[in-house]
Amino acid sequence: MLCSHCRARAAATADGLCPRCATYGPGGSTAAPGHADPHPESAVGPGADDDEADDAEGAAGADRAAPVPAGAPVPAGAPVSVGGPAVAVPPGYAHPYPAPGALPLYPEPPPWAYPAGPSAVLKSPVGLSQAVVTLLAVMIAAGLFCLAAEFHTYGVMTDLIGGAWGAEVQAAADRADTLETVASLVWSAGLLATGVVFLVWFHRVRVNAEVFAPEYHSKRRGWTVWSWFVPIVNLWFPRRIALDVWEASRPPVADHGTVDVPNSGINAWWTFWLLGCWFTEFGGRLYDRAEGAEEVRSATGVCIAGDMLLLAAAVSALLFVRKLTALQDDKAHGRNGTGHQFV
């Protein structure tokens, strides 16, 4: 008895199918998905007429999509074959696969990258950045005031070391003490206000960066704030987070890479900040232990160096805040080829 399906081979099963049709199903094709059938006669028996062959080919073609050249527009959801099994085209894409040789939008994530945290929502950092920039400008003015007070103290101590004395020198010394006290209070208040607003902005851009490229981040979101207060790690964690956010905020280019936006400003800001903090801390301890005019002048000189470095850090931070905010704002509004939007 012949196979009830192909009518070409002897039936071998209880339902009247030959071994080939029983193994590969109706049609008996032995081809791997996406390859031509090496035994086309299995679909239609030998001797079948042209009409039967055409009907069989049409039925087989109904389950497969015709090959489409790369880049050709295809309706969303339509099955497309690109040399393999048919796949559905995601909405908004012209082709299910990139053109040959195309690279992903961003490089492969580093092995130490953390996944995006919960509720990563894109929000505009522009308003916060304006507040940070304003406070940094106030800090620059406060730093200049501190420098003026310290230079005044340095001059008075130099006069005392040179042997000058009298009511005028005593009044200058008292005035120097008053200026130092006021400058310290102004600097401390400004630093507290600026630090709080800066951390809020820093956290905002860090979350935005997760939306842009979650694979770029080596530190979890909570370290955006806590890294500034934990000893030892506060020497490099904030800089690392800033670099990760910068990399994730860079605009893409046509060849699926990213624009090389130099991050040297981050390194300058962090170097000035660390050195400035060290000099001011060391100078403050020298000042607390100073007993004579020479020791006070030496301590004041160290504090002057520290304040100059902190002024440079404030200027670098201001430029960093402005540039990073501009990168994220452009990326969110599609001015660099992306489609993210702020909420």
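The values are calculated or read from the model by the stated rules, or taken from the named source; none is laboratory data. Treat the numbers as computed from the prediction; the structure is a model and nothing was measured. Counting neighbours? That spans all protein chains shown, and the Cβs are built from the backbone with ideal geometry, glycine included.
Can you pull out the residues in region 147-194 that are touching a residue at least 40 places away in the same chain (Cβ under 8 Å) and either among the aromatic types (Phe, Trp, Tyr) or under 15 Å from THR280 (Cα atoms) (or both)? Outline the logic, then answer.
Keep residues of region 147-194 that are touching a residue at least 40 places away in the same chain (Cβ under 8 Å), which gives 147, 150-151, 153-154, 157-158, 160-161, 183, 186-187, 190-191, 193-194.
Matches in region 147-194: LEU147, GLU150, PHE151, TYR154, ALA183, TRP187, LEU191.
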(message) Within region 311-319, does at least one residue satisfy the condition of being surrounded by fewer than 17 Cβ atoms within 10 Å (Cβ to Cβ) and in contact with a helix residue (DSSP H, G or I) (Cβ under 6 Å, 6 or more places away or on another chain)?
(response) yes
(request) Only one of these is under 21 Å from MET157 (Cβ atoms), in a helix (DSSP H, G or I) and touching a residue at least 60 places away in the same chain (Cβ under 8 Å): ASP307, ASP330. Name it. (result) ASP307
(request) Tell me, please, whether a residue that is surrounded by 13 or more Cβ atoms within 10 Å (Cβ to Cβ), among the polar types (S, T, N, Q), under 32 Å from the mean Cα position of the chain (by Cα) and not in a helix (DSSP H, G or I) can be found in region 121-131. (result) yes
(message) Under 8 Å between Cβ atoms, which residue pairs at least 6 apart in sequence (or on different chains) link something in region 263-281 that is on the phi > 0 side of the Ramachandran plot with a partner that is among the small types (Gly, Ala, Ser) and surrounded by 16 or more Cβ atoms within 10 Å (Cβ to Cβ)?
(response) none
(message) Being under 15 Å from the mean Cα position of the chain (by Cα) and either closer than 21 Å to ALA317 by Cα or not assigned by TED's automatic domain parsing to the domain that holds LEU135 (or both): is that true of TRP187 here?
(response) no
(request) Pick out the one residue from VAL343, VAL302, VAL296 that is modelled with pLDDT of 95 or more and touching a Leu at 6+ places or on another chain (Cβ under 9 Å). (result) VAL302
(request) Run ALA167 past the list (1) of a type in the set (A, V, I, L, M, F, W, C); (2) crowded, with 16+ Cβ neighbours inside 10 Å; (3) farther than 26 Å from ASP288 by Cβ and report the number of the one that doesn't hold. (result) (2)
(request) Report, by residue number, each residue of region 136-169 that is closer than 18 Å to TRP269 by Cβ and out of contact with any Gly (no Cβ under 7 Å at 6 or more places or on another chain). (result) LEU136, ALA137, ILE140, GLY143
(request) For region 220-233, state whether one or more residues are in the same structural domain as ILE304 (by TED's automatic domain parsing), surrounded by 16 or more Cβ atoms within 10 Å (Cβ to Cβ) and either of a type in the set (D, E, K, R) or in contact (Cβ under 8 Å) with a residue 40 or more places away in the chain (or both). (result) yes
